[in-house]
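Here is the structure we will look at, set down as structure tokens.
All of the numbers you see were taken from the coordinates with simple rules; none came from a lab. All of these numbers come straight from a predicted model, not from anything done at the bench. Cβ placement follows ideal geometry from the backbone for every residue including glycine, while neighbour counts extend to all protein chains displayed.
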There are 2 protein chains.
Amino acid sequence: MGGHNVLLVLANPEPASFCHALAEAAAGALRTDGHDVTISDLFAQGFNPVAGRHDFLTVADPERFHYQSEQAKAARENAFSSEITAEQAKVAAADILVFVFPLWWGSPPAILKGWLERVLAYGFAYVDGCRFDTGLLRGRRAMIGVTTGGTVERFSPQGVYGPIEGVLYPVRRLALEYMGYDVEEPFVAYAAPRVSDEERRQMLDEFAGRAVELAHRDIDRYEPPCHPLDLVPRNAWKRS
Amino acid sequence: MGGHNVLLVLANPEPASFCHALAEAAAGALRTDGHDVTISDLFAQGFNPVAGRHDFLTVADPERFHYQSEQAKAARENAFSSEITAEQAKVAAADILVFVFPLWWGSPPAILKGWLERVLAYGFAYVDGCRFDTGLLRGRRAMIGVTTGGTVERFSPQGVYGPIEGVLYPVRRLALEYMGYDVEEPFVAYAAPRVSDEERRQMLDEFAGRAVELAHRDIDRYEPPCHPLDLVPRNAWKRS
């Protein structure tokens, strides 16, 4: 088995952050293990998370901006902006997608949320009738690595935030699994800013180990037999 | 009882969207009922959702960007950027906060997520030791109005997305309730793009009615006796 292609999408504004250390630990271990790793460091790239007409070289409807309709036209005509095209190429190439981010207000930073919205466009990462078990990206694997300010107790069933599974549910279920990714249990660095250096080293080792273990598994990527938009059933709801 | 001050934060890029119609229906009914309504139309305002040094006129640490530390310094010195100061003034004035947005990938659009991150800053909307029942914004009320592409069946306990309560959990529990808001059951316009005009009119009426009903309730805002940062216990974790 050859190495896998791994895309790490990183969303923390500070290069010296523990998120960056996690991403670098995983990337180093994966490369040593023979895998190909790309990092999208969204803050460093100055990624713009706001959806808009600037996403597209084409215009489906100049009067009314319906995001999915514009995405569909651009997907059909290879007319996404260069910023989006570059990120889509990374996603298309990746057998494994890893998100690394701090939990802000219970979810990924806006810059990563906007990456989902703009890059994982209709007609590229999903279409009507292809979701979950029939998702376009099925057969690929994904993992979330997250740092929290709160302690593990706060994320316990009795804790004020509740279990991390509930907190990460939208991004896991309605985004990653929706597209077909097989999603690992999340890696959570609880209270990362407050633990000892030794505990942080252990976290880095554990995350790197999880990433390498994941990359050792088989990947059986689904390859659509045609343009994804040609998979849409004829009787699918017509978007206005 | 006088009227209340209501802030509607709206996150949809298309002025002719159903989200805009919902916000306008609620705003109209509230004004007719004697309340003061402000709308923050984030796409129209060109709101930048990316956290960064541009948030601040001050610098706490020029070497390492720790967002909460920078927010704390700016909160202490009234040194948020004008964009953030303007939004914070609306939040401070509002007895009732209403979010209106389309569900994208299971959560609010990035532009609204970034509004949470940048506007509801440490030292302004929350501090260590003041959360949930002791949150700085306790006594105020909040409501989420959301439009979905998916049908109500998809959001049923047996549906592929699961109940909307689980989907909205992070923004409700880890953001609004965290700050102390008393949060209403969400208003959900399921499959909004696919329903009939008559059903849409009913939805608009129902949402406007919910907003007015909410504004009829008593509001008993907590007023901190000092600067919020002076409420932080001396033994609170020192952020690096």
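Across segment A:113-204, the volume of the C-alpha convex hull divided among the residues equals 116 Å³ per residue.
Identify the GluC sites (Glu not before Pro) of segment A:48-130 meeting these criteria: DSSP loop state and at most 10 other C-beta atoms within 10 Å of the C-beta.
Working: sites: A:Glu63, A:Glu70, A:Glu77, A:Glu83, A:Glu87, A:Glu117; in loops: A:Glu63.
Answer in residue order: A:Glu63.
Cross-link partners for A:Lys73 among the aspartates and glutamates, with Cα-Cα distance under 13 Å and sequence neighbours closer than 8 places in the same chain left out: A:Asp55, A:Asp61, A:Asp230.
Picking from B:Ala189, B:Ala121, B:Ala16, which is most flexible by a Gaussian network model of chain B using Cα springs under 10 Å? Highest fluctuation among the options: B:Ala16. Running a GNM on chain B with Cα contacts under 10 Å, which residue among B:Val160, B:Val119, B:Val188 ends up with the highest mean-square fluctuation? Among B:Val160, B:Val119, B:Val188, the largest mean-square fluctuation in the Gaussian network model of chain B belongs to B:Val160. Computed on segment B:5-231, the Cα convex hull volume stands at 128 Å³ per residue. Peptide A:54-67 is shielded by partner chain Cβ atoms: per residue, an average of 2 of them sit within 10 Å of its Cβ.
Take every Cα pair under 8 Å whose residues are at least 6 apart in sequence, average their separation, divide by the length of chain B, and the relative contact order is 25 percent.
Taking Cα atoms only, the orientation of helix B:82-93 departs from the longest principal axis of chain B by about 70 degrees. Charge tally around B:Ala51: other residues with Cβ under 13 Å, Lys/Arg +1 each, Asp/Glu -1 each, net -1.
The distance linking segment B:80-152 with segment B:16-44 is 16 Å (Cα centroid to Cα centroid, whole angstrom).
Expressed as a fraction of 2.2 N^0.38 Å, the C-alpha radius of gyration for the protein assembly as shown is 0.96.
Which whole-number percent is the relative contact order of segment B:150-232 (Cα, under 8 Å, 6+ apart)?
18 percent
Here chain A carries DSSP beta bridges of which approximately 10% are antiparallel, counting only pairs with both residues inside. Would segment B:38-127 count as rounded, prolate or oblate if I go by the C-alpha gyration tensor, calling it rounded below 1.5 in a/c and otherwise prolate when a/b exceeds b/c, oblate otherwise? Prolate, because a/c is 1.5 or more and a/b exceeds b/c.
When chain A is treated as a Gaussian network with alpha carbon springs shorter than 10 Å, the biggest mean-square fluctuation among A:Leu97, A:Leu168, A:Leu137 belongs to A:Leu168.
Considering only A:Leu103, A:Thr38, A:His66, and ranking their Cα positions along the charge dipole of segment A:22-108 that arises from unit charges at the beta-carbon of Lys, Arg, Asp and Glu, the one farthest toward the positive end is A:His66. Summing +1 for each Lys or Arg and -1 for each Asp or Glu among the other residues whose beta-carbon sits under 9 angstrom from that of B:Ser107 gives +2.
About the centre of its Cα atoms, segment A:5-231 shows a dipole size close to 360 debye [charges on the beta carbon of Lys, Arg (+1) and Asp, Glu (-1) only; nearest 20 debye]. Estimate the FRET efficiency between B:Val152 and B:Asp230 by the formula 1/(1 + (r/R0)^6), using the beta-carbon distance for r and 35 Å for R0, to the nearest 0.05. For R0 = 35 Å, the calculated efficiency reads 0.15. Using a 10 Å Cβ count of at most 10 others and DSSP loop calls, identify the longest part of chain B lacking such trypsin sites (Lys or Arg not before Pro). Free of exposed loop sites, the longest segment is B:1-233.
Look at the dipole of the protein assembly as shown built from charges on Cβ: of A:Val152, A:Ala79, A:His4, the Cα furthest out on the positive end belongs to A:Ala79. Can you classify segment A:53-94 as rounded, prolate or oblate using the Cα gyration tensor, where a ≥ b ≥ c are the square roots of its eigenvalues, rounded means a/c under 1.5, and otherwise it's prolate if a/b beats b/c and oblate if not? It is prolate, given that a/c is not under 1.5 and a/b is the larger ratio.
By its C-alpha gyration tensor, with a ≥ b ≥ c as the square roots of the eigenvalues, how is segment B:192-232 shaped: rounded for a/c under 1.5, else prolate for a/b larger than b/c, else oblate? Oblate, because a/c is 1.5 or more while a/b does not exceed b/c.
For the pair A:Glu185 and B:His216, what calculated FRET efficiency results from E = 1/(1 + (r/R0)^6), where r is the Cβ-Cβ distance and R0 = 60 Å, to the nearest 0.05? Computed FRET efficiency for B:His216 and A:Glu185 comes out at 0.85.
Using only Cα atoms, tell me the angle between helix B:110-119 and the longest principal axis of chain B; keep it within 0 to 90° and round to the nearest 10. Around 40 degrees separate the two axes.
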